[in-house]
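Undergrad: Mind having a look at this structure? Questions to follow.
The values are calculated or read from the model by the stated rules, or taken from the named source; none is laboratory data. Bear in mind that the values here come from a model prediction, so they are computed numbers and not experimental data. Quick reminder, even Gly has a Cβ in these numbers, built from the backbone with ideal geometry, and neighbours come from all protein chains shown.
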Amino acid sequence: MELYWYIILMTMLTIYVILDGYDFGAGIIHLFFAKTEKDKKAVTNAIGPFWDANEVWLIAVGGVLFFAFPTLYASSFSGFYLPLMMILWLLIFRAIGLELRGQIKNRMWEVIWDKAFGIASLLLALFFGIALGNIVRGVNLGMVTDGVSTHEPHFFFLPLWNSSFSPHSEHLGVIDWFTLMLGLVGVISLAIHGANWIIFKTNSDLNPKLKKVIFNLNFVLLALVIISLSTWHIIDPNPFRNFLEHPWLIIFPLIAFTGLFGLFKVRSFKKDGLGFLFSTLFLLGGLASTVASIFPKVLPSTNDVNPSLTLYNVAAHEYGLAIGVYWFVIAALLVAVYMFVQYRVFRGKMDDVGYGDH
Amino acid sequence: MEDMLFYDRMQFAFTITFHYLFPQLTMGLSLMIVYFKWRFLRTKIDKYNDAAKFWMKIFALNFAMGVVTGIPMEFQFGTNWAKFSELTGGIIGQTLAMEGMFSFFLESSFLGLFLFGEKLMGQKLHFLTGFLVFLGSWASGYLIIATHSWMQYPVGYEILENGKFVLNNFGALFSNPWLMPAFLHNQMGSVITSSFVVASIGAFYLLNNKHSEFGKLFVKTGVIFGLISSILIAFPTGDWAAKNVAKHQPVTFAAMEGIFETEDGGAEIILIGQPDVENKKLDNKIAVPNVLSFLTYQRWDAQIKGLNEFDESVYPTNIPGLYYSYHIMVGLGTIFIGLMLIASIQLYRKKLYTTKWVLWALMFMLPFPYIANTAGWYTAELGRQPWLVYNLLRTADGISPTVSSGNTLFTLLGFIGLYALLGLLFIMLAVKIIHKGPETSKHN
């Protein structure tokens with residue numbers, strides 16, 4: 001039962017990253033590459049009718065985590081207290097930036113909310129990458145000092161950083177050079193993903209420029225991926241053991257690399273949706289590979305005193321998980337219908353949707 | 001430890017109070033927008049569609065505020081109340097996850113269609129999307145109140161040796177006797193807020209001789225919805241909810257009614273007075289004898305237990321706060337019924353739009369439903385203290401063990417600053433929409 005819910009949760013998380021990922025990416029593109037009013041309109045029209053529903057996936061992921069793995073929810077949300085609060089505040093800034101910009105026709109007003117939207121999107125992409133880094137690196141569960149747990153074995157607290165910025169230090173922080181590197185992977189990959197979405201959903205004048213941007217950023221992304229993989233052994237001495245034991249898992253890295261290398265051909269794509277497909281593959285494969293590498297752990301312990309959190313020792317009781325499947329299947333089918341309707345009504349190019357013109 | 005508990009409670013209280021200012025309007029307003037849209041479909045009179053469109057703008061603004069202040073609520077169970085989440089997540093996680101899956105997806109998917117899709121979909125489908133937004137928002141309220149009801153009156157659970165609550169009866173979460181009264185009472189509160197807001201804006205337009213056609217429509221619709229909901233919130237839903245408290249949380253009932261001593265021969269109902277908890281008495285009391293006994297048990301001489309019957313360790317943590325919240329709620333509720341009755345009579349006599357003083361009263365009523373709803377929730381929440389799960393888990397035992405009070409104060413200050421900004425922006429934009437007023441246009 002735990003395994004089913006683990007798969008459900010990871011699938012939902014991946015859907016969230018792919019969907020809200022293009023919103024964050026569009027925000028980054030908006031910040032750095034949308035110069036004219038027309039460009040900016042193109043970006044916000046492309047995500048306007050979708051971003052709110054996309055963000056619901058985050059709430060749904062949080063809800064399912066709470067319900068199916070309450071110990072993990074309690075442990076990680078209190079342990080990552082500060083970064084989560086920052087994420088909340090950034091989500092608020094991003095949302096009001098998007099929603100308020102068009103409310104008043106004033107140059108200064110527009111500039112303020114454009115920046116709020118763009119900068120918050122950039123920092124959110126960074127923070128989500130850093131979050132992934134923290135999960136694979138692990139934390140000091142039970143807050144062990146001198147070989148003794150100072151708290152219950154599944155609780156911890158991480159400050160934002162410690163002065164050494166090292167993933168190996170006895171006193172870990174949320175931000176160290178390793179997690180920061182994954183944060184950059186997050187920024188670059190989501191910027192590419194967002195650019196692909198804009199190309200897919202609009203006919204804007206920005207599109208040819210974005211194809212060049214994607215092509216160039218893809219080199220940066222490839223470099224970051226190579227550096228990450230070659231330093232991965234520092235946080236996990238044997239990251240490939242699951243892939244050696246279960247060779248079918250190799251499909252996930254293969255998917256990721258298909259997406260990554262496919263994007264080098266972005267300038268010759270005939271169909272506008274193809275780029276988005278490839279960046280989706282990269283996110284899906286990359287996320288699944290990372291999660292698979294620590295399976296069945298969901299939050300590794302960095303000390304020898306307390307065991308890692310695995311999906312088996314953080315799950316809710318059997319009865320609740322079993323009954324949850326019934327309502328979840330019904331709800332998931334309904335969500336599929338809503339998404340079908342939503343993407344059907346707003347199919348094709350979105351240049352005329354007039355988002356923010358109220 | 002004391003500080004940790006204090007800041008955790010302050011942060012939750014502050015963020016939930018601010019958050020609930022928005023859903024209480026949107027839940028009721030979605031019903032009224034569906035009503036305007038339905039009238040338009042039936043009568044084909046453009047005025048109704050224009051009214052729906054105007055209120056959609058207010059709705060969208062409130063909805064956005066509700067969403068951005070709502071996400072922190074879900075997060076805070078884990079960030080600030082980790083022990084509570086760990087112990088009860090298998091139960092309350094159930095209803096909270098259902099809220100995300102069943103109502104938020106419904107609301108957000110169809111709100112996009114409702115706001116941007118009128119031209120693409122045609123009028124009937126547009127009505128349908130509005131109805132689905134309404135359904136989603138009420139489903140959300142239902143599932144939140146189901147969660148709340150379990151904390152007030154836990155059912156369908158067992159407690160394991162390690163202290164964890166596990167669910168053993170899913171159906172019990174929804175047949176909980178606390179749920180239906182609390183849900184209906186809360187939804188009526190929400191309809192009151194929206195009807196008073198609609199009537200208030202209508203009165204503002206009439207008094208200013210601006211958008212008079214809409215002013216009349218808003219006042220009329222607001223008064224009719226307002227009268228019905230003001231009555232329903234007292235009887236049967238409020239009555240029903242209070243009886244639940246009397247039955248299942250007698251010490252809370254004594255505190256909120258301000259009954260310090262059990263009286264033989266029936267309990268009085270206290271209208272005004274200040275509780276002096278230190279000396280266990282009520283100062284400056286104005287009360288009506290035997291009425292509380294009658295309202296609670298339909299017998300003039302029924303005994304109601306006073307606070308003296310209970311051990312101080314189970315006293316509600318903040319008795320004066322609880323007492324005032326309850327009395328503010330009931331007092332305002334009574335004023336709402338009175339004003340709406342007068343306005344309805346004037347409406348029936350076709351004199352409402354020219355009776356200036358009633359219009360002024362309706363206009364100035366705007367903030368009071370918000371105060372009444374907030375006070376009502378404070379009654380429920382302060383009434384449950386010192387428990388998170390009534391009689392089973394103390395609030396002090398539910399906080400996150402590793403988050404220091406300094407970190408919580410930091411984020412509390414952050415929320416205060418950020419929400420002050422949000423509040424200012426909200427008022428600015430709401431005033432702008434109201435000042436501009438509804439637009440008349442031709443459809444179809």
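Undergrad: Does B:Leu143 meet the test of being part of a helix (DSSP H, G or I) and touching a residue at least 24 places away in the same chain (Cβ under 8 Å)?
TA: yes
Undergrad: Then there's this: From A:Leu65, A:Leu72, which residue is touching a helix residue (DSSP H, G or I) at 6+ places or on another chain (Cβ under 6 Å) and closer than 27 Å to B:Val166 by Cβ?
TA: A:Leu65 is the lone residue from the list that is touching a helix residue (DSSP H, G or I) at 6+ places or on another chain (Cβ under 6 Å) and closer than 27 Å to B:Val166 by Cβ.
Undergrad: I'm checking my understanding of the structure. Among residues of the range B:68-78 that are more than 7 Å from chain A (Cβ to nearest Cβ) and either crowded, with 23+ Cβ neighbours inside 10 Å or among the polar types (S, T, N, Q) (or both), which one is farthest from B:Gly163 (Cα to Cα)?
TA: Initially, the range B:68-78 is screened for residues more than 7 Å from chain A (Cβ to nearest Cβ), giving B:69-70, B:73, B:76.
Filter once more, so that each one left must be either crowded, with 23+ Cβ neighbours inside 10 Å or among the polar types (S, T, N, Q) (or both): B:69, B:76.
Numbers: B:Thr69: 32, B:Gln76: 21 Å.
Applying the filter and picking the extreme gives B:Thr69.
Undergrad: For the range B:343-360, which positions are assigned to a helix (DSSP H, G or I) and either touching a residue at least 40 places away in the same chain (Cβ under 8 Å) or touching a helix residue (DSSP H, G or I) at 6+ places or on another chain (Cβ under 6 Å) (or both)?
TA: Hits for the range B:343-360 are B:Ala343, B:Ser344, B:Gln346, B:Leu347, B:Leu352, B:Tyr353, B:Lys356, B:Val358, B:Leu359, B:Trp360.
Undergrad: From A:Leu91, A:Leu9, which residue is of a type outside the set (Phe, Trp, Tyr) and within 30 Å of B:Gly163 (Cα to Cα)?
TA: A:Leu9
Undergrad: Here is a follow-up. Considering A:Pro49, A:Pro83, which residue is surrounded by fewer than 24 Cβ atoms within 10 Å (Cβ to Cβ) and within 30 Å of B:Phe116 (Cβ to Cβ)?
TA: Selected residue: A:Pro49, the only one of A:Pro49, A:Pro83 that is surrounded by fewer than 24 Cβ atoms within 10 Å (Cβ to Cβ) and within 30 Å of B:Phe116 (Cβ to Cβ).
Undergrad: How many residues does the range B:321-345 contain that are within 26 Å of B:Asp276 (Cα to Cα), within 17 Å of the chain's Cα centre (by Cα) and of a type outside the set (Ser, Thr, Tyr)?
TA: Residues that pass the stated criteria total 8.
Undergrad: Quick one: what pairs do we get from the range B:254-265, first residue assigned to a loop (DSSP other than H, G, I, E, B), second modelled with pLDDT of 90 or more and among the aromatic types (Phe, Trp, Tyr), C-beta under 6 Å, 6+ apart or different chains?
TA: Within 6 Å, the pairs are B:Gly258/B:Tyr323.
Undergrad: Which of (1) more than 19 Å from A:Ser121 (Cα to Cα); (2) in a helix (DSSP H, G or I) is the odd one out, the single condition A:Val187 does not satisfy?
TA: Only one criterion in (1) more than 19 Å from A:Ser121 (Cα to Cα); (2) in a helix (DSSP H, G or I) is unmet by A:Val187, namely (1).
Undergrad: Those residues that are out of contact with any helix residue (DSSP H, G or I) (no Cβ under 6 Å at 6 or more places or on another chain) and either within 26 Å of B:Asn186 (Cα to Cα) or of a type in the set (A, V, I, L, M, F, W, C) (or both), I need them from the range B:386-402; list them, please.
TA: B:Trp387, B:Asn391, B:Leu392, B:Leu393, B:Arg394, B:Thr395
Undergrad: Considering the range B:391-444 alone, what residues qualify as being among the basic types (Lys, Arg), within 12 Å of chain A (Cβ to nearest Cβ) and surrounded by 13 or more Cβ atoms within 10 Å (Cβ to Cβ)?
TA: Of everything in the range B:391-444, just one residue is among the basic types (Lys, Arg), within 12 Å of chain A (Cβ to nearest Cβ) and surrounded by 13 or more Cβ atoms within 10 Å (Cβ to Cβ), namely B:Lys432.
Undergrad: So, one more: Could you pull out the residue among A:Ile18, A:Ile92, A:Ile59 that is more than 18 Å from A:Lys297 (Cα to Cα), away from every other protein chain (no Cβ under 13 Å) and assigned to a helix (DSSP H, G or I)? First the steps, then the outcome.
TA: Numbers: A:Ile92 fails: away from every other protein chain (no Cβ under 13 Å); A:Ile59 fails: away from every other protein chain (no Cβ under 13 Å).
Going through A:Ile18, A:Ile92, A:Ile59 in turn, just one is more than 18 Å from A:Lys297 (Cα to Cα), away from every other protein chain (no Cβ under 13 Å) and assigned to a helix (DSSP H, G or I): A:Ile18.
For (1) modelled with pLDDT of 95 or more; (2) within 26 Å of B:Ala241 (Cα to Cα); (3) within 11 Å of chain A (Cβ to nearest Cβ), each residue gets a yes or a no:
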{"position": "B:Leu61", "(1), (2), (3)": "no, no, yes"}
{"position": "B:Asn80", "(1), (2), (3)": "yes, no, yes"}
{"position": "B:Lys83", "(1), (2), (3)": "yes, no, yes"}
{"position": "B:Glu86", "(1), (2), (3)": "yes, no, yes"}
{"position": "B:Gly90", "(1), (2), (3)": "no, no, yes"}
{"position": "B:Phe105", "(1), (2), (3)": "no, no, yes"}
{"position": "B:Phe114", "(1), (2), (3)": "no, no, yes"}
{"position": "B:Gly122", "(1), (2), (3)": "no, no, no"}
{"position": "B:Thr129", "(1), (2), (3)": "no, no, yes"}
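Undergrad: Something else: May I ask you to verify whether B:Met121 is surrounded by fewer than 21 Cβ atoms within 10 Å (Cβ to Cβ) and in contact (Cβ under 8 Å) with a residue 24 or more places away in the chain?
TA: No.
Undergrad: Please work out which residue is nearest to the chain's Cα centre (by Cα), limiting yourself to the range A:177-209 and to residues that are farther than 17 Å from A:Gly48 by Cβ and charged (D, E, K, R).
TA: Once the filter is applied, the top-ranked residue is A:Lys209.
Undergrad: What number goes with the only condition from (1) among the aliphatic types (A, V, I, L, M); (2) more than 11 Å from every other protein chain (Cβ to nearest Cβ); (3) over 16 Å from A:Leu172 (Cβ atoms); (4) surrounded by 23 or more Cβ atoms within 10 Å (Cβ to Cβ) that A:Leu65 does not pass?
TA: Of (1) among the aliphatic types (A, V, I, L, M); (2) more than 11 Å from every other protein chain (Cβ to nearest Cβ); (3) over 16 Å from A:Leu172 (Cβ atoms); (4) surrounded by 23 or more Cβ atoms within 10 Å (Cβ to Cβ), only one is false for A:Leu65: (2).
Undergrad: Still on this structure, I have one more. Run B:Leu207 past the list (1) crowded, with 17+ Cβ neighbours inside 10 Å; (2) under 28 Å from B:Phe54 (Cα atoms); (3) aliphatic (A, V, I, L, M) and report the number of the one that doesn't hold.
TA: Tallying (1) crowded, with 17+ Cβ neighbours inside 10 Å; (2) under 28 Å from B:Phe54 (Cα atoms); (3) aliphatic (A, V, I, L, M), B:Leu207 fails exactly one: (1).
Undergrad: Restricting attention to the range A:43-56, which residues are modelled with pLDDT of 85 or more, over 17 Å from the mean Cα position of the chain (by Cα) and at the interface with chain B (Cβ under 9 Å from one of its Cβ atoms)?
TA: none
Undergrad: Surrounded by 19 or more Cβ atoms within 10 Å (Cβ to Cβ) and out of contact with any strand residue (DSSP E or B) (no Cβ under 6 Å at 6 or more places or on another chain): does that describe B:Ala375? Steps first, answer last, please.
TA: Details: surrounded by 19 or more Cβ atoms within 10 Å (Cβ to Cβ): yes; out of contact with any strand residue (DSSP E or B) (no Cβ under 6 Å at 6 or more places or on another chain): yes.
Taking the combined requirement at face value, the residue satisfies it.
Undergrad: Can you pull out every residue in the range A:292-320 that is part of a helix (DSSP H, G or I) and either away from every other protein chain (no Cβ under 14 Å) or at pLDDT 95 or above (or both)?
TA: Across the range A:292-320, the qualifying residues are A:Ala292, A:Ser293, A:Ile294.
Undergrad: Somewhere in the range A:99-111, is a residue under 20 Å from the mean Cα position of the chain (by Cα) and either at the interface with chain B (Cβ under 9 Å from one of its Cβ atoms) or farther than 18 Å from A:Gly21 by Cβ (or both)?
TA: No, there is no match, as no residue in the range A:99-111 is under 20 Å from the mean Cα position of the chain (by Cα) and either at the interface with chain B (Cβ under 9 Å from one of its Cβ atoms) or farther than 18 Å from A:Gly21 by Cβ (or both).
Undergrad: Going through the range A:333-358 one residue at a time, which ones are surrounded by 15 or more Cβ atoms within 10 Å (Cβ to Cβ) and under 23 Å from the mean Cα position of the chain (by Cα)?
TA: A:Val335, A:Tyr338, A:Met339, A:Gln342 - these are the residues of the range A:333-358 that are surrounded by 15 or more Cβ atoms within 10 Å (Cβ to Cβ) and under 23 Å from the mean Cα position of the chain (by Cα).
Undergrad: From A:Leu206, A:Leu229, A:Leu254, A:Leu182, which residue is aliphatic (A, V, I, L, M), exposed (fewer than 15 other Cβ atoms within 10 Å of the Cβ) and touching a residue at least 12 places away in the same chain (Cβ under 8 Å)? Talk me through it step by step, then tell me what you get.
TA: On the way: A:Leu206 fails: exposed (fewer than 15 other Cβ atoms within 10 Å of the Cβ); A:Leu229 fails: touching a residue at least 12 places away in the same chain (Cβ under 8 Å); A:Leu182 fails: exposed (fewer than 15 other Cβ atoms within 10 Å of the Cβ).
Criteria check complete, one pass: A:Leu254.
Undergrad: Okay, moving on. Of the residues that make up the range B:6-21, is at least one under 28 Å from B:Leu125 (Cβ atoms), surrounded by 20 or more Cβ atoms within 10 Å (Cβ to Cβ) and either under 20 Å from the mean Cα position of the chain (by Cα) or among the basic types (Lys, Arg) (or both)?
TA: Within the range B:6-21, the first condition is being under 28 Å from B:Leu125 (Cβ atoms), and the residues that meet it are none.
No, there is no match, as no residue in the range B:6-21 is under 28 Å from B:Leu125 (Cβ atoms), surrounded by 20 or more Cβ atoms within 10 Å (Cβ to Cβ) and either under 20 Å from the mean Cα position of the chain (by Cα) or among the basic types (Lys, Arg) (or both).
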